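**Student:** Take this structure first; my questions come after.
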Amino acid sequence: MITDEALKWGGGKQGALAAKIGISQTSVSGWGDRPPALRQLQIEVLSAGALRADEDCRRGTPKFTREAA
């Protein structure tokens with residue numbers, strides 16, 4: 001799933017998507033090209049499968065992870 005798809009599903013704006021999934025707009029703004037793995041899985045569930053998480057997210061080996069600061 002790419003961030004633009006998630007944004008469109010969430011209402012077109014970062015703040016609207018953030019509210020829909022219960023996080024801050026600042027978190028969404030830091031996603032880059034793809035949402036983090038757990039957010040992809042959350043959005044897949046909330047969208048009733050309309051958006052699909054990347055296959056790597058399902059295997060537990062996401063390509064797009066963030067290192068702890």
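The values are calculated or read from the model by the stated rules, or taken from the named source; none is laboratory data. Just so it is clear, the structure is predicted and the values come from calculations on it, not from any experiment. All Cβ positions, even for glycine, are placed from backbone atoms using ideal geometry, and neighbour counts span all protein chains on display. Protein only, heavy atoms only, side chains kept; ligands, DNA and RNA dropped before computing areas. Shrake-Rupley method; radii C 1.70, N 1.55, O 1.52, S 1.80 Å.
**Student:** Given a 1.4 angstrom probe, what's the average accessible area per residue across the chain, in square angstrom?
**Tutor:** For the chain, the solvent-accessible area averages 65 Å² per residue.
**Student:** Given a 1.4 Å probe and the protein chains all in place, what does the accessible area of Arg58 round to, in Å² to the nearest 10?
**Tutor:** Using a 1.4 Å probe on the heavy atoms, I get roughly 90 Å².
**Student:** Let me ask you something else. Probe radius 1.4 Å, ligands and nucleic acids ignored: give me the carbon and sulfur share of the accessible area of region 1-61 as a rounded percent.
**Tutor:** Here it works out to 52 percent.
**Student:** Another question about this same structure. For the chain, just list the percent of Cα-Cα distances falling in each 5 Å bin from zero outward, please.
**Tutor:** With 5 Å bins starting at 0, P(r) equals 3, 19, 31, 27, 15, 5, 0.
**Student:** Let me ask you something else. Remind me, relative contact order of the chain in percent, using alpha carbon pairs under 8 angstrom and six or more residues apart?
**Tutor:** 29
**Student:** If each of Ala16 and Arg58 carries a label point 7 Å out from its Cα toward its Cβ, how far apart are those two points in nm?
**Tutor:** Result: 2.9 nm between the two label points.
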